[in-house]
1. Per DSSP H run of at least 4 residues, take -39500 (n - 2.57); add these up for the chain, divide by its residues and hand me the 222 nm value, nearest 500 deg cm²/dmol.
2. What does the extension gain come out to for L5 and A60, with contour length at 0.36 nm per residue minus their alpha carbon separation?
3. Can you compute the modelled spin-label distance between E27 and A13, with each label point 7 Å from Cα toward Cβ, in nm?
4. Assigning unit charges at the beta carbon (Lys, Arg +1; Asp, Glu -1) and nothing else, what dipole magnitude in debye, to the nearest 20, does the chain show about its Cα centre?
5. Based on the Cβ-Cβ distance of R20 and E75, what FRET efficiency does E = 1/(1 + (r/R0)^6) give at R0 = 41 Å, to the nearest 0.05?
Amino acid sequence: MTVTLNLPPEKEAAFKAQARARGLSLEQWMLDVADQSAQPVSIAHLQKTDPEEWARHFDAWVDSHNPNTPVLSDEAMSRESIYPDLI
């Protein structure tokens with residue numbers, strides 16, 4: 001099956017950069033993304049994969065997060081902040 005996407009230039013550049021960072025062609029990277037969206041990836045599946053495939057899945061997961069998400073402060077992540085009733 002052939003699918004044609006009309007992407008804005010900035011999205012096309014971003015997708016190409018993500019594919020290149022993984023050493024994949026844009027087509028192969030998009031197939032990988034489509035596969036990840038279509039099939040749930042279980043921990044059991046990842047345990048049977050080779051380390052390079054696991055790394056690709058992990059990198060894709062990392063890249064799926066917004067890099068502009070603010071980081072929580074040390075206080076917000078402290079045990080006292082998370083479990084105030086146990087102090």
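1. -16500 deg cm²/dmol
2. Result for the pair: 17.8 nm of gain on full extension.
3. Result: 2.5 nm between the two label points.
4. The calculation lands at about 280 debye.
5. Working from the Cβ atoms, E equals 0.55.
Computed from the coordinates by the stated procedures, all read-outs in this text should not be read as laboratory data. Computed from a prediction, not measured in an experiment: that's the story for all the values here. Glycine gets a Cβ as well: all are built from the backbone with ideal geometry, and neighbour counts include every protein chain shown.
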